[in-house]
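Novice: Okay, handing you the structure first.
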Number of protein chains: 4
Amino acid sequence: MTLSRETRGVYAIAPTPFTADGGLDLASVDRMVEFYTAAGVTGLTILGQLGEAPKLDHDEALAVVERVVTRAPFPVVVGVSAPGFASMRSLSASAMDLGAAGVMIAPPSTLRTDDQIVNYYAGAAAAIGAGTPFVIQDYPLTFGVVMTPEVIRRIAVDNPNCVMLKHEDWPGLEKISALRAFEAEDRMPRLSVLCGNGGLFLDFETERGADGAMTGYCFPEMLVDVVSMAAAGRRDEAHDLFDAHLPLLRYEQQPGLGLAVRKYVLAQRGVLTTATQRTPASRLSPAAIAEVDYLLRRLARHDDRAKLD
Amino acid sequence: MTLSRETRGVYAIAPTPFTADGGLDLASVDRMVEFYTAAGVTGLTILGQLGEAPKLDHDEALAVVERVVTRAPFPVVVGVSAPGFASMRSLSASAMDLGAAGVMIAPPSTLRTDDQIVNYYAGAAAAIGAGTPFVIQDYPLTFGVVMTPEVIRRIAVDNPNCVMLKHEDWPGLEKISALRAFEAEDRMPRLSVLCGNGGLFLDFETERGADGAMTGYCFPEMLVDVVSMAAAGRRDEAHDLFDAHLPLLRYEQQPGLGLAVRKYVLAQRGVLTTATQRTPASRLSPAAIAEVDYLLRRLARHDDRAKLD
Amino acid sequence: MTLSRETRGVYAIAPTPFTADGGLDLASVDRMVEFYTAAGVTGLTILGQLGEAPKLDHDEALAVVERVVTRAPFPVVVGVSAPGFASMRSLSASAMDLGAAGVMIAPPSTLRTDDQIVNYYAGAAAAIGAGTPFVIQDYPLTFGVVMTPEVIRRIAVDNPNCVMLKHEDWPGLEKISALRAFEAEDRMPRLSVLCGNGGLFLDFETERGADGAMTGYCFPEMLVDVVSMAAAGRRDEAHDLFDAHLPLLRYEQQPGLGLAVRKYVLAQRGVLTTATQRTPASRLSPAAIAEVDYLLRRLARHDDRAKLD
Amino acid sequence: MTLSRETRGVYAIAPTPFTADGGLDLASVDRMVEFYTAAGVTGLTILGQLGEAPKLDHDEALAVVERVVTRAPFPVVVGVSAPGFASMRSLSASAMDLGAAGVMIAPPSTLRTDDQIVNYYAGAAAAIGAGTPFVIQDYPLTFGVVMTPEVIRRIAVDNPNCVMLKHEDWPGLEKISALRAFEAEDRMPRLSVLCGNGGLFLDFETERGADGAMTGYCFPEMLVDVVSMAAAGRRDEAHDLFDAHLPLLRYEQQPGLGLAVRKYVLAQRGVLTTATQRTPASRLSPAAIAEVDYLLRRLARHDDRAKLD
């Protein structure tokens, strides 16, 4: 199972479960894999931004990779963004050895010009090796690096192991259209485009040509349904379901706070034993917890899966 | 009519109407004032970020202020953010002379430390003069300046003419709670808190203690209704109405693109003669226009005011 | 006298003189013009970053332009960077009407991608009009906008009224070499390249192909001498003079503090009546003043012009 | 040998030597330690920004620490800045076990407010443990994080294991004076203040109360001499020596390019076998090499140690 340019569907971004005292919670990892399997996801992405990757040391990171890859019946992408190519190479090699399907690489926030970005990905692609497929993470809101469609085209043309775009530019709909137009004109090889940014525009992104989602919304079932309804041309139905989740999805997408919401709901849903984050952690105030509970109750009127008792 | 610490309700952020060839469109200004009056807003804010203020020269800016202030039956806040205190002083004085109720000041993006921010507002407050009430615009997503509740407290304590906060931090709910707690402990004077950021969290912001909204969503009637329902304790009703608008509101809130959506809808609603922006302008592609039209049709099922034919 | 692609020499960046109470000090403006004339500069640049341009209102800015242009026996460049094209157009038109030789335009700090920068200058060039020659200000340290040689090439090719580069990238020597190579290959029209960044690398910049300096060091005589010695092939002599000034030049080049040093020395030299800055102002502590005095005494051992009594 | 609040002198920032094919060059490490010992430094700092730390994987980083600590007759500080506290904790523990004297911690570039910075260092101090002394690296030019003297004071008060400041703010002289004033008023414990930023202001920093230098200039002998002359009150002599080196020091201090200059000169001086950097690497053009050679020849007229043949 390696990552492909033709991948369609939903790669869930999985959080890293911790026990109440901050240790790795491998029992929750197992339950999480079962949960995502039942939700119908196509694959899983671990050790991304929201996987608290920087809070794991080297051995812990590999322990998580091994556990997930061993249990998962689907491909697993591993985030290997690192301050330098040496750590990236070493983490990527270990992850692929353990059975990962590919790796995801975010740009360092110091990149500015088009050439700097293109050169960075050339260096990264070389560091991980031609046999390792990789995903570009295009997330200007968090990384401060702005990639034009042309820059993504150059990266895709230069590096045959670039097979997927985690699209989370904002606004980003025109970018999807532009990339698909480049492909139609044979100016670049096809990329699988999975959308992140919390899923906030997934309803229209699928209509613009995205292949699905790669994000961590706490109801992955909704992402799976919306992507498959959209693929089946059931437009209104897809929007109806999406809109029912939008108030909670929007709440979860708050920068910094989102992971706390996500872990809280996944704990409420019985997936995680605790919502613990390692420091530095965002925490939900009692008022915020009450707001999430209220949103869950409102959602449950439209989607039975949100009934938590 | 001057701005007050007790202000509650909705200050609409008004766009600046242009004719198809880029001239000021004063006829649309008049229609816009009537439209906002009918929508029940408490006041109007002009020459903000989304008012394309930097694209007006000095004389044009004053022409807009004069026209709006003359016609409006409610208080008008004028954005006077400027690269230096001299232009800020001069624009502020002119606006107040013309009858503005107060001014709004955003921080320059170079500010970093707490003291730099506090000192900047001290300088700005002095520049506009003690008799001119002002609004702090707290919008880190756009300006890159992060103000803690403590910094806002210090600004409010130091400058008696600081009467209002345009709250658009993200996430921002805890900030409202923190400021209201400071006030309850008598550690700072009351500020009117009106929420921006496109209204994306208005449903909960009112519940946390915000006094209303200051934002430019293309259906100000919804903002007015949600704020008044929330004030009346009609919680579920407020959320129901808010949620019906959320898909469009979210679409409108895209950075850079939002103004194009807003002007397009206001033109569709008959308020603006054209959706023209001055350069540099964001433009809606045919696909984007079709998406907005689709969202409007879906909204119209819940809210008659979105029926545009 | 309009600005030319062939300009060689030194354009001094002039400060804006204020009286002790913060008013415009036109008497000092006159003395300053005489001083720069005696120093042998080729031209003058006013209303730049270090000219405290944002602290002047519209009328004051024009008053300064008029006074300088009227008195100066050499071309005058006027900084017209503005948050929007409308103010840029209006300030540029007024400056050219008053007799300016050209205008200087810095990029807004929000620009990121190559295309964004190229498009911005296309818009600016259109706003000021084809008849107004302009200078690109390439100063990433202050503006956060990084222009590759290729981006500068595209701007120069696209806009015939782009005639000069104020080069203050850091490091920047290879950029000069790259641009001169483009010109040699006929890939772009010649640009006059005058170097800023306080003059910190002027000794080598001239050797790489720069045409001179555009900076505000408090001994413009040194800049003039170094540029002419370098042009005459008197390499060691140029470096000897430059090195003698380097300790003070380095002190003056401190971001934020530099203008205070410059105004202090120009006041000591009898050019400015006071070293006053408008707020927000950087101020020299007694310790800093003692340091500058010490540097001046040390400099005077090598350069008589630094003997201030 | 652990790091102390009373440390005075010069901690050289050591580069990481690589062989021509990019492998660790431990023979050069040994020669480098001898070189710094002969130069009279007080200590050594390894795995900092200019030590290409992010280009080493975990095992390589520890191999460098072990080799240097084993050979060095003086204390060694190890850079442990990391994207998360887990890697920081693990690298710090390993380094201290191997005999390091303390660790150095730079702030992540996402920090903005005073509280965020203070909280980050509280988390870091806890992660490395109370028994591990640490150095704050205050380098806004590179990290984009601005720490006021008050913020540094709070960090020093809150964390007894904070013993040293690597001061490289720019401008920064007043910051040294402010911190020494806080100490004199008993508002904070004494910090050892060693100055970085390439040494560009070392001449005055020592006079303001700095205890010495922590920087990597390719003639550490000059840093040692200037610090000891300043301590002995031989002011003019200190400045004379400093000024003789300033043209080269300024050339070496260019962001990005500086490491290439430093490794080139250290290779010329016979310390490193090659000037190789791992990718991404800055490279000296033939023109740049000729410029450095010219600066070395000019320096050799004043300082015999720069005679390289």
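Novice: How far apart, in nanometres, would the label points at A:Arg305 and B:Glu237 be if each is projected 7 angstrom from Cα along the Cα-to-Cβ direction?
Specialist: Here the modelled spin labels are 3.4 nm apart.
Novice: Post the alpha-carbon centroid distance, region C:247-309 to region B:50-128, in whole angstrom.
Specialist: 35
Novice: Still on this structure: Where both partners of a DSSP beta bridge lie in the protein assembly as shown, what percent of those bridges are antiparallel, to the nearest 5? Don't skip to the answer; put the middle values down first.
Specialist: Values: 4 of 112 bridges.
Restricted to the protein assembly as shown, the bridges split so that about 5 percent are antiparallel.
Novice: Select from B:Arg153, B:Arg89, B:Arg298 the residue whose mean-square fluctuation is largest in a Gaussian network model of chain B (Cα-Cα springs shorter than 10 Å).
Specialist: B:Arg298
Novice: Between D:Thr70 and A:Ala122, how many nm apart are label points set 7 Å from Cα along the C-beta direction?
Specialist: If labels sit at D:Thr70 and A:Ala122, their model points lie 3.9 nm apart.
Novice: If I compute solvent accessible area with a 1.4 Å probe over the protein chains, what percent of it on region B:9-233 is carbon and sulfur?
Specialist: The value for region B:9-233 is 52 percent carbon and sulfur by accessible area.
Novice: A further question follows. Compute the accessible area of each residue in region C:278-309 twice, once for its chain alone and once with every protein chain present, using a 1.4 Å probe on heavy atoms, and list those whose area falls by at least 50 Å².
Specialist: By number: C:Glu291, C:Tyr294, C:Arg298.
Novice: If amide H atoms are built 1.01 Å from N in the plane of the peptide, which residues on other chains or at least 5 residues away come under 5 Å of the amide H of B:Val10?
Specialist: B:Thr42, B:Gly43, B:Ala213
Novice: Can you say what percent of the DSSP beta bridges in chain D, counting only those with both residues inside, are antiparallel? Round to 5.
Specialist: Looking only at bridges with both residues in chain D, the antiparallel portion is about 5 percent.
Novice: Compute a Gaussian network model of chain B, connecting alpha carbons closer than 10 Å, and tell me which residue from B:Val292, B:Val265, B:Val76 fluctuates the most.
Specialist: With Cα springs under 10 Å in chain B, the top fluctuation among B:Val292, B:Val265, B:Val76 is at B:Val292.
Novice: OK, next. Provide an ascending nm list, one decimal, of label-point separations from A:Ala287 to the equivalent residue in each further copy; define each label point as 7 Å from Cα along Cα→Cβ.
Specialist: 4.0, 4.4, 5.9
Novice: Separate question: Restricting to DSSP loop positions (anything but H, G, I, E, B) with no more than 15 other Cβ atoms inside 10 Å of their own Cβ, which GluC sites (Glu not before Pro) remain in region C:155-257?
Specialist: Numbers: sites: C:Glu168, C:Glu174, C:Glu183, C:Glu185, C:Glu205, C:Glu207, C:Glu221, C:Glu237, C:Glu252; in loops: C:Glu168, C:Glu185.
Qualifying residues, ordered by number: C:Glu185.
Novice: Let me ask you something else. Say a label goes 7 Å from Cα toward Cβ at A:Asp30 in every copy; what distances in nm does this one have to the rest, shortest first?
Specialist: Output for A:Asp30: 5.1, 7.6, 9.1 nm, nearest copy listed first.
Novice: While we're on this one: Using only the Cα atoms, work out Rg/Rh for region D:1-153, with Rh taken as the Kirkwood radius, to two decimals.
Specialist: 0.96
Novice: Same structure again: Could you tell me which of the pairs A:Lys55/A:Lys166; A:Lys166/D:Lys166; A:Lys263/B:Lys175; B:Lys175/B:Lys263; B:Lys166/B:Lys263 are separated by over 27 angstrom between their Cα atoms in the structure shown? Mind dumping the intermediate values first?
Specialist: Numbers: A:Lys55/A:Lys166 22 Å; A:Lys166/D:Lys166 39 Å; A:Lys263/B:Lys175 22 Å; B:Lys175/B:Lys263 31 Å; B:Lys166/B:Lys263 22 Å.
Distance filter (> 27 Å) returns A:Lys166/D:Lys166; B:Lys175/B:Lys263.
Novice: Could you go through region D:46-63 in sequence order and give the Karplus-derived ³J(HN,Hα) for each residue, using 6.51 cos²θ - 1.76 cosθ + 1.60 with θ = phi - 60°, rounded to whole Hz, and x for Gly and Pro?
Specialist: Residue by residue, region D:46-63 yields 10, 6, x, 3, 7, x, 6, 3, x, 8, 9, 8, 4, 5, 4, 4, 5, 4 Hz.
Novice: Which shape class, rounded, prolate or oblate, goes with the protein assembly as shown when its Cα gyration tensor gives a ≥ b ≥ c as root eigenvalues, a/c under 1.5 marks rounded, and past that a/b bigger than b/c marks prolate? Let's see the in-between values first.
Specialist: Values: a/c = 1.64, a/b = 1.18, b/c = 1.39.
Taking the square roots of the gyration eigenvalues as a ≥ b ≥ c, the protein assembly as shown is oblate.
Novice: Under 16 Å Cα-Cα from C:Lys307, which lysines qualify once same-chain neighbours fewer than 8 residues away are excluded?
Specialist: Here the lysines satisfying the reach criterion relative to C:Lys307 do not exist.
Novice: A follow-up question, please. Taking a label point 7 Å from Cα toward Cβ, how far is A:Ala300 from its twins in the other copies, in nm, shortest first?
Specialist: Nearest to farthest, the other copies are at 3.6, 8.3, 8.5 nm.
Novice: Could you compute how much accessible area chains C and B hide from each other, both sides summed, with a 1.4 Å probe? Nearest 100 Å² is fine.
Specialist: Numbers: alone 12640 and 12630 Å², together 24310 Å².
Buried area (both sides, nearest 100 Å²): 1000 Å².
Novice: Let me ask another. Which whole-number percent is the relative contact order of chain D (Cα, under 8 Å, 6+ apart)? Spell out each step's value before the answer.
Specialist: Working: 546 pairs, mean separation 60.3, N = 309.
In percent, rounded to a whole number, it is 20.
Novice: Oh, and also: Please give the calculated 222 nm ellipticity per residue for chain A, where each DSSP H segment of at least 4 residues contributes -39500 (n - 2.57) and the sum is spread over every residue; nearest 500 deg cm²/dmol?
Specialist: On the way: 12 runs with 145 residues, N = 309.
The per-residue figure over chain A is -14500 deg cm²/dmol.
Novice: Something else about it: Give, as a single signed number, the net charge of other residues whose beta carbon lies under 10 Å from the beta carbon of C:Gly22, with Lys and Arg counted +1 and Asp and Glu -1. The partial results should precede the final answer.
Specialist: Details: positive: C:Lys55, C:Arg278; negative: C:Asp21, C:Asp25.
Result for the neighbourhood of C:Gly22: 0.
Novice: For the rotation taking chain D to chain C, which residue of D has the Cβ nearest the axis, and how many Å away is it?
Specialist: Result for the D and C rotation: D:Leu246, 3.
Novice: Take the alpha carbon atoms of region B:144-214, find their center, do the same for region D:183-204, and report the distance between the two centers in whole angstrom.
Specialist: 38
Novice: Can you give me the convex hull volume of the Cα atoms of chain B, divided per residue and expressed in Å³?
Specialist: Details: hull volume 37.2 nm³, N = 309.
Expressed per residue, the convex hull around the Cα atoms of chain B is 120 Å³.
Novice: Can you give me the accessible area per residue for chain D, using a 1.4 Å probe, in Å²?
Specialist: Details: 10280 Å² over 309 residues.
It amounts to 33 Å² per residue over chain D.
Novice: I need to check one value: relative contact order of region D:79-121, counting alpha carbon pairs closer than 8 Å and at least 6 residues apart, in percent.
Specialist: Working: 22 pairs, mean separation 17.0, N = 43.
RCO, region D:79-121: 40 percent.
Novice: Explain nothing, just the number: dipole magnitude of region B:9-233 about its Cα centre with +1 on each Lys and Arg Cβ and -1 on each Asp and Glu Cβ, in debye rounded to the nearest 20. Intermediate values should be presented prior to the final figure.
Specialist: Working: 14 positive and 27 negative charges, 69 e Å.
That gives region B:9-233 a dipole magnitude of about 340 debye.
Novice: Let me ask something additional. For region C:1-58, calculate the relative contact order in percent as a whole number, restricting contacts to Cα pairs under 8 Å that are 6 or more residues apart.
Specialist: Details: 49 pairs, mean separation 27.4, N = 58.
RCO, region C:1-58: 47 percent.
The values are calculated or read from the model by the stated rules, or taken from the named source; none is laboratory data. The model shown is predicted, which means the values in this text are computed figures rather than measured ones. Don't worry about glycine lacking a Cβ; one is built from the backbone with ideal geometry, like all the others, and counts go over all protein chains shown. These accessible areas exclude ligands, DNA and RNA; they are computed on the full protein's heavy atoms, side chains included. Shrake-Rupley method; radii C 1.70, N 1.55, O 1.52, S 1.80 Å.
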